[in-house]
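We did not get these values from a lab; they are worked out from the coordinates using the rules stated. Just so it is clear, the structure is predicted and the values come from calculations on it, not from any experiment. When we count neighbours, we look across all protein chains shown, and the Cβ atoms used for this are built from the backbone with ideal geometry, even at glycine.
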Amino acid sequence: MGLNIDLSRIEGSPGFLLNHVNSRMKLGLFRTFKKNGFNITHEHWAVLRILWDEDRLPQAKIAEKTKKDRPNITRIIDVLEKNGYVQRAIDPDDRRIQIVTLSDKGKSMPERLTPLALHFLRDAFTGVTQEEYNSFVNVLERVIQNLDNSENI
């Protein structure tokens, strides 16, 4: 048998709830950054976050890590480059590969953006215990793993 999942109301379905949370999280993070003088979207944040951990990555690797397709990641990196956060260069060993590197401005952003993101997330999870938060993350990771392993996807 499996879980008792009630699909009688769209508002209570997992997909609807995840989509609603996702939309609100993206908008809330953008508004938090914007209110503090940064025109950074959740997509920009994800790319910068990855580059702060590992600078000088091929654009295709960033697409893979952010789960974005190549046209979308190109558009996101175009904006980040235009705004002075990153630079792109052709890989000297393989001219088909674009290497993305943080600029000095991009390197200075973690200490400016991370506290804002943390404040936003703490507000979003107000009233949620650490145990509930950990369980929430674990459940989401398990569902992702199940979907990745599913023959139906």
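The lysine pair count for the range 1-103, using Cα distances under 21 Å and pairs eight or more places apart or on different chains, is 9.
Considering only Arg112, Arg75, Arg142, the mean-square fluctuation computed in a Gaussian network model of the chain, springs between alpha carbons under 10 angstrom, is largest for Arg142.
Rounding to the nearest 20 debye, state how big the charge dipole of the chain is about its Cα centre with +1 on each Lys and Arg Cβ and -1 on each Asp and Glu Cβ. Write out the running numbers ahead of the final one.
Numbers: 23 positive and 21 negative charges, 143 e Å.
The dipole of the chain has a size of about 680 debye.
Looking at the chain, the pairs of alpha carbons with a distance over 19 Å make up 64% of the total. Of the residues Ser135, Ser108, Ser23, the one that moves most in a GNM of the chain with alpha-carbon contacts below 10 Å is Ser135.
By the Stokes-Einstein formula, at 1.002 mPa s and 20 °C, the range 1-44 with its Kirkwood radius over alpha-carbon pairs has D equal to 173 µm²/s. Restricting the calculation to Cα atoms, the range 30-91 shows an Rg/Rh of 0.96 when the hydrodynamic-style radius is the Kirkwood one.
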